[in-house]
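First up is the structure itself, then whatever we jot down about it.
The values are calculated or read from the model by the stated rules, or taken from the named source; none is laboratory data. In this text the structure is predicted, and so the values were computed from the model without any measurement. Reconstructed Cβ throughout: ideal geometry from the backbone, glycine too, with neighbour counts over all protein chains shown. Remember, those area values only see protein heavy atoms, side chains included, never the ligands or the DNA or RNA. Shrake-Rupley method; radii C 1.70, N 1.55, O 1.52, S 1.80 Å.
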Amino acid sequence: MTRWSTASIRVRLTSWYSVVLALMLVVYATATFLAVRHEFYEQFDDQLHDDFETAEGRLVQGPDGRIAIAGDQHHDPDADDRGAEVWSTSGELTYRSDPTPALPPIVPAAASNAYRYESIEAGGHHWRTLTAVTLAGGRSVVVRVSRSEDRLRAQLWEIVVVLVLGLPLIVALAGVGGYVLARRALTPIDHLASEARRITADRLHERLSVPNQHDEIGRLASVINETFGRLEASFDQLRRFTADASHELRTPLAVIRGTGELALSKARTVNELKEAMSSVLEEVDRLTTLVETLLRLSHGDAGTIRISPEAVDLSRLARDVVGSLVILAEDQNQRIVIDASDGVFVTADRLVLREAITNVVDNAIKYSPRGAPITIRVAVERQEAVLTVADEGPGVPAEHRERIFDRFFRIDEARSREDGGAGLGLAIAKWAVDVNGGQITVGDAATRGATFRISMPAIQQPKTTTVHEQATQAMGGHV
């Protein structure tokens with residue numbers, strides 16, 4: 001079994017093909033031989049029947065009162081291969097043609113008016129006989145005619161020899177032909193393997209050649225190319241992530257190092273040391289937040305964060321988020337407007353979905369100019385619950401919309417870390433929406449800025465509400 005499992009596909013295909021073909025040919029040859037044999041014996045029995053009718057028509061009673069067959073078959077050139085006998089009902093032989101061999105005597109009790117065909121071996125030869133009771137001169141006699149089966153058996157044996165010797169030859173030729181065809185058919189796979197082996201992590205931009213996209217091998221090559229494309233995108237994303245993470249970690253570490261070296265460069269007053277330690281702690285907090293966010297994303301990618309789906313009132317959740325972020329908006333003299341329909345429910349993990357909405361609204365507050373309005377709308381569109389957050393900030397250019405949710409991605413790299421953050425908020429938002437079965441996209445606002453759109457399958461309002469929903473108070477439409 002181990003040797004068979006390690007054999008090449010072309011060998012296994014050829015072997016299976018040869019075995020199946022051999023079985024089919026054996027079945028076909030057996031059926032053909034049996035049909036030919038049956039046909040031969042039917043014709044042979046018809047000839048025996050003709051001999052019987054001829055002998056029956058020539059029955060005469062001799063001078064001694066015995067029944068015999070008139071006419072001498074000795075002059076018939078085929079008489080050596082056939083004969084005739086006449087027996088009385090008492091079992092006495094009354095006539096036997098000259099060349100007829102000494103066949104076993106008949107059993108009168110077993111004879112009847114019905115024709116009975118038998119194959120008998122006598123004198124080292126095989127004979128086919130036909131026996132029946134007939135009337136001659138007013139008396140019942142038993143007539144038996146016979147023909148030699150040797151010629152018939154010789155013909156059948158020749159057929160058997162041809163089949164036995166020919167079938168292995170046919171199977172062997174078919175196997176060789178099948179192997180050649182399988183080898184030619186699988187040659188493109190060898191080419192694909194050699195080309196795929198050439199593509200390493202440094203050459204993921206290369207692709208396999210696809211001579212025919214419509215056959216099975218062409219579709220296989222297309223799928224492999226798509227896999228290489230996804231791998232290339234993943235490697236690029238990993239490189240960007242590594243570089244960005246290194247940069248984000250290096251900057252606060254450099255600040256901490258510089259602050260410490262400056263504080264130790266000469267004697268400092270207590271206030272100066274407190275100010276230095278405050279700067280160090282601020283950078284440590286930044287580092288802690290960054291590492292915790294990265295760990296959360298890592299756990300999300302690994303699927304180790306447990307999700308607790310429940311019926312969530314999306315409008316109430318949006319108002320709850322606005323209530324917690326309204327202080328940030330007031331610092332920028334911004335106004336958050338909520339246009340939320342009642343009874344918009346989705347199935348999601350409340351805390352995870354809240355984090356997604358919080359990050360999107362916080363992003364809008366961060367990038368909108370002072371005094372600008374931020375509009376949040378919740379409604380049901382085509383059986384989908386849709387939450388949109390529109391701001392009047394700089395917007396997201398079309399060429400950056402596919403990467404806006406990537407980790408550490410920021411459109412304006414010149415923005416300070418204080419204003420632009422680490423570039424992980426929208427990545428967290430996308431993960432939180434995706435894990436709840438939703439979708440988040442970004443587009444242009446009606447006037448200026450950007451509009452973030454979160455869509456999830458809407459459900460019917462549940463008959464009972466959760467304790468959290470009963471405890472949460474709905475906020476007004478304008479904040």
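Of note:
- Prolate/oblate/rounded label for the chain (Cα gyration tensor, a/c 1.5): prolate
- Within a straight-line Cα-Cα reach of under 22 Å, LYS274 can be paired with the following lysines, leaving aside sequence neighbours fewer than 8 residues apart in one chain: LYS266.
- Between THR289 and ARG207, residue separation times 0.36 nm minus the direct Cα-Cα distance comes to 25.4 nm.
- Förster radius 60 Å - calculated FRET efficiency between ILE120 and LEU169 (Cβ-Cβ, nearest 0.05): 0.95
- Working from label points 7 Å from Cα in the Cα-to-Cβ sense, the THR242 to SER324 distance is 3.5 nm.
- Three-way shape call for segment 258-365 based on the alpha-carbon gyration tensor, with the a/c threshold at 1.5: oblate
- Prolate/oblate/rounded call for segment 293-350, Cα gyration tensor, a/c under 1.5 rounded: oblate
- Protection-proxy order for peptides 165-171, 209-215, each taking the mean of Cβ atoms within 10 Å per residue, highest first: 165-171, 209-215
- Helical contribution to [θ] at 222 nm, DSSP H n ≥ 4, -39,500 (n - 2.57), averaged over the chain, rounded to 500: -18000 deg cm²/dmol
- Sulfur and carbon atoms: percent of accessible area, the chain [1.4 Å]: 56
- Surface exposure of the chain, expressed per residue as accessible area with a 1.4 Å probe, stands at 59 Å².
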